[in-house]
Every structure is written in structure tokens, then in C-alpha cells.
Amino acid sequence: MNKAKKIIFWGSLVIIVIFFSLFFLGPERMYPYHEITSVLGPSFLILCVVFPFSLVTYFLRDEVFQIWMRFSRWWIPMTIFLTIITPSGNGLYAGVGGEITAMFLGGIYTFVSAFLIIVKSVAVYRK
């Protein structure tokens, strides 16, 4: 099994557990809650989208994982960058904040990833 598969799968699982424990189980008084969640909250949403695909590709052939990984390598940093630079508020962007941007780009990522995994899986298993 590919070593990168294990790293992506277990790494995303550990980070999701850490984020979940910080955001939902930790007391708000221990850290500047609103400042941290404004930046890390959208990243948590993105990781919630990545984890299921890492789980699916963990059990598929390496060729399927590689094509998904090539797509994810440029999509995830672009999504995080766009989420962080998206201003929040009621100004020019009509209240579109980082969370909305993360959900929208996460939705696109979900459909494209599913398409790539299905197409490549069918192509690999037909050989």
C-alpha cells in the first residue's frame, strides 16, 4: 500500500478529531475563540470534505489514489487561500464570508473528486 495513502488518511483523521475537540468540546474562555474560528473554521470544513475521499481511496488501487491526489494538491491550497482572503461582512460581497466560500468550493471539490475516482476506477478495473 502506498505510504502517502496512510499519511493522508490518518493525518486528516487526527486533525479532524483535534478540530472537533477544540471547537465543540473545549471551553470558549481558554483561547480567543472568535479569532481562531474565523480562520480555522473554514479549514475544518474543508478537511471534513477531504476525509471521506481519503477513506474511499485508501481501499482502492494506487492509480486511483494518485489521480485524486494530483487534483487535491492544487485544489485544497487554492480553497484555503480563497477562504482566508474572502472578507466577511455585509459590504460588497453581500455577507459572503469564509464559511460560505469553503462550503461552495467544498461542494465543487466533492463532485469533481467523485467524478475522478469513479472514472479512474472504471478505467483501471477494465484493464
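Read-outs: derived from the displayed coordinates by stated rules, not from any lab. Predicted, not measured: the structure shown is a model, and the values here were computed from it. Heads up, the Cβs are rebuilt from the backbone with ideal geometry, glycines too, and the neighbour counts pull from every protein chain shown.
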Modelled label-to-label distance, E63 and L22, 7 Å Cα→beta-carbon offset: nm? 4.0
Could you give each residue of the range 5-11 its phi-based ³J(HN,Hα) in whole Hz, using Karplus coefficients 6.51, -1.76, 1.60 with θ = phi - 60°, and x for Gly or Pro? 4, 5, 5, 4, 5, 5, x
Residue by residue through the range 59-68, the couplings from Karplus 6.51 cos²θ - 1.76 cosθ + 1.60 with θ = phi - 60°, in Hz, x for Gly and Pro, are 9, 9, 5, 5, 4, 5, 4, 5, 5, 5
What is the sum of charges, Lys and Arg at +1 and Asp and Glu at -1, for the other residues whose Cβ falls under 15 Å from the Cβ of V119? +4
With 10 angstrom as the radius, rank R126, R70 by how many other C-beta atoms surround their C-beta, starting from the fewest. R126, R70
